[in-house]
1. Which value in nm describes the separation of the simple spin-label points at M1 and S310, placed 7 Å from the Cα toward the beta carbon?
2. So, by mean Cβ neighbours within 10 angstrom, what's the order for 86-97, 551-562 with the highest one leading?
3. Give me the percent of the accessible area of the chain that comes from carbon and sulfur atoms, probe 1.4 Å, all protein chains in place.
4. Listed here are the pairs K293/K407; K216/K578; K407/K545; K25/K329; which of them are more than 29 Å apart at the Cα?
5. Scattering from the C-alpha atoms of segment 432-540 alone, worked out with Debye: what is log10 I(q)/I(0) at q = 0.11, 0.13, 0.14, 0.17 1/Å?
6. Tell me, what is the FRET efficiency for I111 and T737 to the nearest 0.05, using R0 = 51 angstrom and their Cβ-Cβ distance as r?
7. Once volume of the Cα convex hull per residue in Å³ is worked out from the coordinates, which option in [x] 175; [y] 185; [z] 203 does it equal?
8. Nearest 10 degrees, 0 to 90: what angle lies between the long axis of helix 592-602 and the longest principal axis of the chain (Cα atoms)?
Amino acid sequence: MDNLTVKLQGMSCAACASAVEEAIKSVPGVIECSVNFGMEQAAIQYDAKATNLETIQAAVDDAGYKALPLQEIAAEDDEIVAKSARFESQNLQRKLWTAGIISIVLFLGAIPAMTGLHLPFIPAWLHNYWLQFFLTLPVQFWCGSSFYTGAWKSLKRRAATMDTLIALGTSAAFFYSAFVTFFPHLFAARGLHSGVYYEVAASVIALILLGKTLEKRARGETSEAIRKLMGLQAKTARIVREGQELEVPIAQVAINDIVQVRPGEQIPVDGEVIEGVSNIDESMVTGESLPVKKQVGDEVIGATINKTGSFKFRATRIGKDTFLAQIVKMVQDAQGSKAPIQKLADKIIRWFVPAVIAIALATFIIWFSLTGNLTLAIITMVEVLIIACPCALGLATPTAVMVGTGKGAENGILIKGADSLELAQKIQVIVLDKTGTLTQGKPTVTDFITVKGTADRNELNLLQWAASVEQNSEHPLGEAVVRYARSQEVNLIDVADFEAVAGSGVRGIVGGKQIALGTLRWMQELGCDTEYLELRSRAFEATSKTVVWMAVSGKIEAILGIADALKPSSAAAVTALKKLGLEVVMLTGDNRPTAEAIARAVGIDRIFAEVKPDQKADRIQALQSEGKIVAMVGDGINDAPALALADIGIAIGTGTDVAIAASDITLISGDLQGIVTAIQLSRSTMRNIRQNLFFAFIYNIAGIPIAAGILYPFFGLLLNPIVAGAAMAFSSLSVVTNALRLRNFQPK
C-alpha cells in the first residue's frame, strides 16, 4: 500500500470536494481517499500495482478538476506555483472590482423602484432598463463565469454544487429581468409586476466574489504554520571540500559532506558534530527556549541557529530526509486528514445542494399557486438558492484542524492526523513510562558494591566483566555501566554467547566465566543467593535508585546502584494532568520499591512495576477493558507495542524512531508539559469545531426557511436577495475567522 497527497484545483465548495473524493475512490486500486476542502488536498492510499498517479489524475480531470502532486518541502518557493496563485488572485480582484462598481451603479438606479423615492442626485437615465441590462451583462457572464463553468461541470457528472445554486439563482434574477426588459407589454397585459432585478444578480455575484476573496485570504492564514516551517530552511551551506571552504546552495549538499558553521549562522542540514563545541538554539523546531550544548558526537538539526562557538559537522540527512522536512510532511499530512466529526457534515453535504434545489422549486410552486404572484415566486426561489451555503459546513472542521495542528507544531507537538487531534480531548487515563519519559533517560552509576572476601576478585575485575557484557546491550542501564567503567579507565574485553533476556537482564561468557547482570527477580530465578546484599539493595531503592545485580558463575558478586534523575518538568506535568481530570499511571519494568519512590516524587498514585516489555501492551489493554480511553507515553523500542495499542500513543521525540513511528502524537523536545499542551490544544480545537458546525447548521436551518418566505404571511417580512447573497458570502468567512481564533491559543 502506497500513500499519495495531491493538490486539487477548481473546487469551489464542499460539494466539489465530495465529488472529487468519489471520483478518486472509483479508481480501481484506490483503497482510501480523504479530500480536505480547506487545504485543497487529497490524501490517497492506493495499491501501486493496480493504479498510479496518472490514472488518479485522469479520474479527477473527468470530474472537472485538476490534481497535481504535492511538493514535500519548499512548495511555497516554487515560482510556477507562486505565479499561478498571483494570476488567480489578480483575476479574482479584477472581477470583484468590476462587479462591485457596476453593482453600486445598478443599486442607485434601482432605488426608485425599491423605495418609491426619487433622489435628485441620481440621474434619471440610470433607471433605464436597457442600460441596466447592458451593465449587468459583463457581471453575469464574465465576473460570474466561474459559477457557470462549475455548474456545467457538475451537470455533466449529474451532480450539483454551490456553483449550481449561484448560477441558478443569479440567472433566474437576470433572465427574469431581461424578459421584462424585452417584453414589458406581456406583463402589462396581464397586470403583473414588471420590475427588474438586475441589481440583485450583479450584487449577489459581487458579494460572493468578495466573500471568496476574504475567505481565500483567511484560509491562507490557516497555513501560516507550514509557511513558517518552510521558511526556516537555510538557502546555502558552507562546506569543506579538498581543504577549501565553498558556499553552495543547500540542494548541492551531499551525505558525508563536512559543513562549517560559524556563530550566528543557521545550520543547513542534519548532521553529527565532528569538531568544536557550541550552544544551539533549537526553539524553532523543538519549542525549547534554552540553547542546547553540542559537542563531538552530538547530532545537530537543520534550520536551528548556532549561538556561540564555531564547529564542523558531517551531513547525515539532506533534502526530504531532514528532521525539518519530516516535520513539514507530518504537519501537511495532519492538516490534510479528516477528523471523524467531519463525517456527519460530509453526509449532509452530499445531499445538501439537491435538497436546496428541491426546496427552491417547491417554494416557487407554492407561492405562485397560493398568490399567483410570479415576481414573489421567483424572488423567494432566488433567495433560497442564494442563501444556502454548503461551504460553511465543509470548512467548519478542516480549517480548525489546519490551525490546530499548525499551532501544535509551533509548540513542539507533532500530531499525526485529525483523528488523533479529536481523540486526545477524550483521554481519561494517561500511562507514563519511567525511564526517558519521567526521568532524563541518562542513568548514571552512583554505587558499586561487591561481596568482600571472594578470592581473586577485586572491584576492577568485576567492573571490567560487567561492562564488557553490557557493551552489547542497548538498554540505558547497560550504557550507564559502560560509561562508568570507562570513567574508571577500565578496558573492555570480548564476550561470547551474549544474550539479552527481555525485562530481566543480560548475560555472556567472559574469560570462561558466565556473567549475568539483571533484576533481583531474575537472579532468584537463576537460583542465586541474594540475601547478603538485599539490605543494601533496599537502601538504594528507597532513594529512587535502580539496582542491577551481578552474578559470576551463578554466585552474586556485586550490585550497582544507578540513578536516573527526574526531568524538571515531570512533577509539574503530573499535577497539571490531574487538574485536567486525568488518571495518571506509571508503567515500568523497574523493581517496585524504586518505582514507588519515583511515583511518590512526582505525585503518581497508581503504578505497574516489574512489567516485562511484552507485558506492557497487556497493561494498556487491561485499562481499556475498564471502559477507559487510554493514552500511553513512552520513548523506547519496548514501548512501541503499548504505544500502538493505546487509544492515543504519545512518543517522546528524544526517543527511538520506532517509538515515534508507532505513536499518534510526538513531543519533539521531550518535555512532559507538551502532553498537557497537546490535550489542551485538542480540547480547544474540538470546541472550535463544534462552534463552527453549530454556526453552519444554524445558519442554513434558519436562513433557508426565512429566504423561502416563511415569515411573509405573518409579518410581511421578505428577505431581500441582496441580503441573502451577503449572508451566503460571509457565512463561510465567519467559520474561517472563528477557526483563526485558535492562533491565539496559549498553553496554560
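1. With each label placed 7 Å out from Cα toward Cβ, I get 5.2 nm.
2. Numbers: 86-97: 13.6, 551-562: 19.7.
For the peptides 86-97, 551-562, the packing ranking is 551-562, 86-97.
3. On the way: 18840 of 33020 Å².
Ligands and nucleic acids excluded, carbon and sulfur give 57 percent.
4. Numbers: K293/K407 27 Å; K216/K578 41 Å; K407/K545 38 Å; K25/K329 23 Å.
From K293/K407; K216/K578; K407/K545; K25/K329, over 29 Å: K216/K578; K407/K545.
5. Ignoring solvent entirely, the Cα scatterers give -0.36, -0.51, -0.60, -0.91.
6. It comes to 0.95.
7. Matching entry in [x] 175; [y] 185; [z] 203: [z].
8. With both axes taken from Cα atoms, the answer is about 50 degrees.
The values are calculated or read from the model by the stated rules, or taken from the named source; none is laboratory data. If you're wondering where the values come from, they're calculated on a predicted model, not measured in any experiment. Every residue, glycine as well, gets a Cβ built from its backbone with ideal geometry; the counts of neighbours run over all protein chains shown. The area values use the complete protein model at the heavy-atom level, side chains included, leaving out ligands, DNA and RNA. Shrake-Rupley method; radii C 1.70, N 1.55, O 1.52, S 1.80 Å.
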